[in-house]
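What follows is a short report on a single structure.
Each value in this text was obtained by applying a stated rule to the coordinates, not by laboratory testing. Just so we're clear, the structure is a prediction, and the values are computed from it rather than from any experiment. Every residue, glycine among them, receives a Cβ derived from its backbone with ideal geometry; neighbour counts consider all protein chains shown.
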């Protein structure tokens, strides 16, 4: 059994761009508990009032399996443990497991704490034994252990011994600056495992892009706790990414980290945490990213359709992810066919419609469309080509005006006239740009006829200049991502006029939603 | 010496969201050459007509140091090497180094190629010896070597021997599915190094977040070539990230990869490639990301201000990056200073103007400006802040209107009113988009006063959505490149309104040209 210790709520909050509300933190605690994480480091109650408040709120929450951990430092130099404010805050957190971090690199003791090496050992011993004797489960995080070991191995080992002697259940070796290599980690962890009597943990940072390797290597050397963060969030380049460590240990190396049945939740847990943290989910993330099992090269696609093992290191479903076949100039016919069949299952490779659709798509790709990542527009185009598309509204006109100077915060105005079943509607709206104004006016016009559109929000907007040498006369491709909170879809437009391209993508977004609603009704 | 082999133009193009134009590829070749990459894998001329076209264009480009590589597969089963279309395309590429990839996993030979194990060995031998005997330097990429070795070690070794016997200069072991662990890589590479007489390379994919670890481990086991991609772009989760491998090998482990003086270019090369590929630069990237040396935790900031080693594994300046102290902007002077001195040589580190300029630039960067690749705008801002900027024209207003339906090919109309020395001029123009129309109207208005502008053409136009979560209300950065056939310059604008951002970049482009004309006259 490897104990997984998540710190996305504490070290994760040190990441640039992350700032949780108390509600956010409660949501993540519940999700991690459900997922089967052993230890959830919930915060540092002594460091800020928000965390102290959060621990109060946490008392009312029912946790099924996880141990919730409060994190804090050893007492300050030269005072009694029970007089330290940080220690008091930990006592008030109301949890049974405490993680105490202390210095194990002599440089930090002398240059940062500015105290003696002996006093630092006392600080570790006193603080750990204080909590252990009060009946708490204590984990000791040896900050900068690897750098410390390289600088002064003897002293670094003494800091661990102080914590172990004081009653720590785990001593955790931290590569705080993320500069260590796997072979160093293997060697040093092995030595510690042979010299310290309590269980050993690893806490790696990703500054050298080696945090996952270092964590797995430490386990192979005998560590039984892995500290890291869902999605690898954390200070600077982040902490060790648990989304890559858990499947490697459990699916490939046979260690038990979380209940077997829960591994399938990995992708959704990863997306949930990024959603709550308000961070874009990185599509290139191993195991859980949208591109992790996305095949683009024609040769790869061809092989994967013959045997998925040929280009997949694990089965995407085992971690709750899925295979995606991307379309591009480097992919062949069979890819497009499998996509068409999802929309119209009766078509075969030799149907005349298939050839017609493929020819049309190739023509559009040549003109700058790229259907990879625009499944919504792809769906509509195939439906249109098959004569099965039902238009839900007509656009009579739009007009959009930009001008400077401008006397308001909004800098564009748009007018839109639509018609649905012969009933016309004219609306106008302002926006902080022409597309924003058009979007607002169009929604206002259509929501009267289709209230279901109120649930649709745009979540992403991308612009790619295609032949940028054409300079301002260049063709652009606009990609819009929309969501109704249940499903996400992407649509696109291509034009030399960015307003037109954006408009086409907006129209597709709405038509896709309405078409899908029809599909649902027919079922 | 470790040979660095970049494949961002070939394997990188397999990444979801990347689609280079021929111009983009030429720019990246030049940049990688300047950086000191030994081998640049430029494309697969047999796989698509765009790459073939690109190799034609490449013939006119002067490359200083790098070897440009054309990539392609072994001949197909059952035919002669010189009859294979892919082989013919490689011959036509006009380069001296060829990378041939072949199968080393028996499963792929039988299930994907559907040929015999012996024929596959012949295919490798024939194709490599064909090029070697024609005088080409040949690199053999053994696809799926690690999976193949685990399944059938004897056969996998035979594929390498076939390539070595046929005259390959390097045989490269590929972890194509990215599923291997560093300890496996170490063991297997060591065995190959002891059994194969030619130089060994490593080619790792990041599906287990271990590509950097596996690449470095292979070098420690005796590999002398590392294949990877700048920024780790590539199929699925990407290829081994050269931006993390190069500094680890060169700065920490003492191997020579690129000229010592060029390591400082790492961050700017990384940003340049992401800009050209139109991919958001990942701020969490080790070494080169904006957050890589960004300190947020109060304790960390405090310690770093006492001694930077306390929370930094390397000096950020050694890779051209900089320390950032989040929420209390006090950093990064020296980089900017050297740029300011180019414009105003009298300024020193301690001039009050320097501090003022840096503060202003930091504020603008926070708002989304990025001065890398926009030297024109940078020049104007510094001049303006120093009170040395002379305005050449005033904009009284612009108005631009888009509407559908439209009865002409042009889809936007713009009106611009300018004033020069009290003389006003109103012009109007049509365009195939709003920016194109504005550009035309503005030039028409100003050329009367400044005929020198007739020589200026816009050569590039790029749009980057900054906070794409804001959807159509998002902020965009527009980058424009201009040329007067002697010099090129780039300018930018940032706004939530794409028209405004484009307009600002246009104005800067013209003001820069006119300011440079003045500078010339004064000399």
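Annotations
- The mean count of C-beta atoms from other chains within 10 Å of the C-beta of residues in B:138-148, rounded to a whole number, is 1.
- If you take the alpha carbon atoms of region B:152-241 and fit the smallest convex hull around them, that volume is 89 Å³ per residue.
- With only the Cα atoms considered, chain A has a convex hull volume of 202 Å³ per residue.
- Each Cα pair under 8 Å and six or more residues apart adds its sequence gap; the mean of these over the residue count of chain A is a relative contact order of 9 percent.
- The equivalent ellipsoid of region A:294-365 has semi-axes of 24, 14, 10 Å, largest first, where each one is the square root of 5 times an eigenvalue of the Cα gyration tensor.
- Region A:394-522: translational diffusion in µm²/s, Stokes-Einstein, Kirkwood Rh over Cα pairs, 25 °C, 0.890 mPa s: 158
- Counting only DSSP beta bridges whose two residues both lie in the protein assembly as shown, roughly 50 percent are antiparallel.
- For residues of A:234-242, the mean tally of beta carbons on other chains within 10 Å: 5
- Percent of Cα-Cα distances greater than 17 Å, calculated over region A:1-102: 50
- Relative contact order (percent, whole number), region A:189-291, Cα cutoff 8 Å, 6+ residue spacing: 20
- Relative packing of A:421-429, A:45-53, which averages over residues the other C-beta atoms within 10 Å, highest first: A:45-53, A:421-429
- Relative counts (whole %) of C-alpha pair distances in region A:60-196, using bins that are 10 Å wide: 13, 43, 32, 11, 1
- With the highest mean first, a sort of the peptides B:234-242, A:141-149 on other beta-carbon atoms found within 10 angstrom per residue produces B:234-242, A:141-149.
- For region B:158-305, taking Cα atoms only, Rg and Dmax work out to 17.2, 60 Å respectively.
- Mean separation of Cα pairs under 8 Å and 6 or more residues apart, divided by the residue count, gives region B:394-522 a relative contact order of 15 percent.
- Within 10 Å of the Cβ of each residue in A:281-291, the mean number of Cβ atoms contributed by other protein chains is 5.
- Degrees, to the nearest 10: B:117-133 long Cα axis against longest axis of chain B: 60
- Debye intensity ratio I(q)/I(0), log10, region A:397-467, q values 0.12, 0.18 Å⁻¹ (C-alpha model): -0.39, -0.78
- Debye-sum result for region A:3-277 in log10 I(q)/I(0), which assumes one identical scatterer on each alpha carbon, at q = 0.07, 0.12, 0.15 Å⁻¹: -0.22, -0.67, -1.10
- Sorted peptide list for A:355-364, A:171-180, criterion being average Cβ within 10 angstrom, highest first: A:171-180, A:355-364
- Globularity index of the protein assembly as shown, i.e. its alpha-carbon radius of gyration over 2.2 N^0.38 Å: 0.97
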